[in-house]
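Peer 1: This is the structure I want to talk about, given as structure tokens.
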Amino acid sequence: GDYSCSFTYSAQGGTNEQWQMTVGVSEDSGLFSCSLWRPQGKSYLFFTQFKAEVKGAKIEHAMAYSQAAAGALNDIPLKQEEFGVTETTVSHREGKFRFELSKLVIVAKTPRDEL
């Protein structure tokens, strides 16, 4: 529809990891979500940078994780200082990000026409 989510990154490692990305819009079209994760849990890539960007909506909530839940493993969130969130992007913070990323979740509010 009118919303999109893109993910750009730079990483080292060649583990042929499988990743998944889903995007969705709530029934009332009020929220747009974008999630990216490694289903096996932890990524072994060494991320030097990352940036997720949404178009057509403003970010309400975003969280990045060094480990995604899988089997007996739980999500482990990055520390708040490791990444930054603006109205349209979630990205690493230079000098603070510890090079681990396994999951990223964004919930954005879509523009509404007021009656």
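Peer 1: When you go through (1) under 17 Å from PHE97 (Cα atoms); (2) in contact with a Gly (Cβ under 7 Å, 6 or more places away or on another chain) one by one for LYS42, which number turns out not to apply?
Peer 2: (2)
Peer 1: Please name all residue pairs, on different chains or six or more residues apart, with Cβ atoms under 7 Å, provided the first residue is in the range 76-89 and is polar (S, T, N, Q) and the second residue is open to solvent by less than 70 Å² (accessible area, probe 1.4 Å) and assigned to a strand (DSSP E or B).
Peer 2: Here the result reads THR88/GLU53; THR88/VAL54; THR88/ILE59; THR89/ALA52; THR89/GLU53, each pair linking the range 76-89 to a residue that is open to solvent by less than 70 Å² (accessible area, probe 1.4 Å) and assigned to a strand (DSSP E or B).
Peer 1: Taking the condition of being among the polar types (S, T, N, Q), more than 12 Å from the chain's Cα centre (by Cα), in a strand (DSSP E or B) and surrounded by 18 or more Cβ atoms within 10 Å (Cβ to Cβ), how many residues in the range 34-79 meet it?
Peer 2: 1
The values are calculated or read from the model by the stated rules, or taken from the named source; none is laboratory data. Keep in mind the model is a prediction, meaning the values are calculated, not measured. Virtual Cβ from ideal backbone geometry, glycine too; neighbours counted across all protein chains shown. The protein model used for the area step is the full one, side chains on, heavy atoms only, and it has no ligands, DNA or RNA in it. Shrake-Rupley method; radii C 1.70, N 1.55, O 1.52, S 1.80 Å.
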